[in-house]
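Values in this text are rule-based calculations from the coordinates and carry no lab data. Quantities reported herein were computed from a predicted structural model and do not represent experimental measurements. For neighbour counting, all protein chains shown are included, and Cβ atoms are generated from backbone atoms with ideal geometry for every residue, glycine included.
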Amino acid sequence: MNKVKIITDSTSDLGVELAKKYDIEVIPLYVNFGEESYKDGVNITTEELYKLVEQKGELPKTSAIDIVTISETFKKWLDLGYDIVFSGISKQMSRTYENALMAVDELEAKDRIFVVDSMNLSTGIGLTILKACDLRDQGLSAKEIAEKMEEITKMVKAQFGIETMDYLYKGGRCSGVAKVFGTLLKIKPIIFVRDGKMTVGMKPLGKMKVALDKMINMFLEDYKNGKVDKDKVFITHSIAFESEKYIRERLEAEVKDMEIISTVAGCVISSHCGRGTIGILYITK
């Protein structure tokens, strides 16, 4: 049986250290300001992204990984004797998934490369990727890992509190009326990611702490009712360190048997949601 390489894209928001620790290949998506194109997490950081937004007075556009880049990455590992499992951002949010399938066809390697729709974004993808790494280390084949991932993706719960509606509005994801009323009423929407799509799950009023408490309570209710896979829970944020500290302290006070991991959202996720966005992401049973 061939060795297995786990590959994801930069929207998994695992960061350099986790990717290195678990031996994961990460292919970057693109962030574009006019004619200027950057590779997410390679030659632009989230902090640098926000500085550019301020300087240019405009939001960037994001784009999928092209077929050539995916094909070259896959071929590199095939030539080294690996079989491949790839999972990136939900197919309903990007063409990356379709491009990966086209790369597999181009390489005529359907028996060696397995593409899994994460049905998620950010560390909602990351959770399934780390599970894949555990399965790889247990000696499962690429096909067996992909089959198990198909089941795990259905059990991921991801929700994000949004600090400002400016990015959702400027990116065309909410109307001007919704933005005005949201701002006046001080709504901090909580976005749910379910079945590959983003929806507004809650509209708490007031300070960001109200939204944080609702997400924390949602997790703790699942946890105390035995509905959580007690492996890892992610706190992923876009330069929201105070909120991250608040959530971590709340979770650490009540959760003693799970690894709590914090990561900073990459430039693609941040381009769509904005500074201050923060989420709690975990796998249910």
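What the table shows:
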read-out: Violating pairs (Cα-Cα greater than 30 angstrom) within the set LYS143/LYS197; LYS75/LYS148; LYS51/LYS131; LYS5/LYS256; LYS5/LYS188; LYS3/LYS91; value: LYS51/LYS131; LYS5/LYS256; LYS5/LYS188
read-out: Prolate/oblate/rounded call for region 3-152, Cα gyration tensor, a/c under 1.5 rounded; value: prolate
read-out: Alpha-carbon centroid distance for the pair region 1-37 / region 233-285, whole angstrom; value: 19 Å
read-out: Gyration tensor (alpha-carbon) shape descriptor, region 7-52, a/c threshold 1.5; value: prolate
read-out: Residues TYR282, TYR82, sorted so that the one with the fewest Cβ neighbours within 10 Å comes first; value: TYR82, TYR282
read-out: Exposure proxy order (Cβ contacts within 10 Å, fewest to most) of THR8, THR284; value: THR284, THR8
read-out: Ellipticity estimate at 222 nm from DSSP helix runs (n ≥ 4, -39,500 (n - 2.57)) divided over the chain, nearest 500; value: -13000 deg cm²/dmol
read-out: Straight-distance crosslink candidates among aspartates and glutamates, where the alpha carbon sits under 14 Å from LYS230 and sequence neighbours closer than 8 are dropped; value: GLU221, ASP222, GLU252, GLU254, ASP257, GLU259
read-out: Derived scalar couplings ³J(HN,Hα) [region 254-260; Karplus, 6.51 cos²θ - 1.76 cosθ + 1.60; whole Hz; x for Gly, Pro]; value: 10, 10, 10, 10, 9, 7, 9
read-out: Rg/Rg_globular for the chain, with Rg_globular taken as 2.2 N^0.38 Å and Rg from C-alpha atoms; value: 0.99
read-out: Three-way shape call for region 187-285 based on the alpha-carbon gyration tensor, with the a/c threshold at 1.5; value: rounded
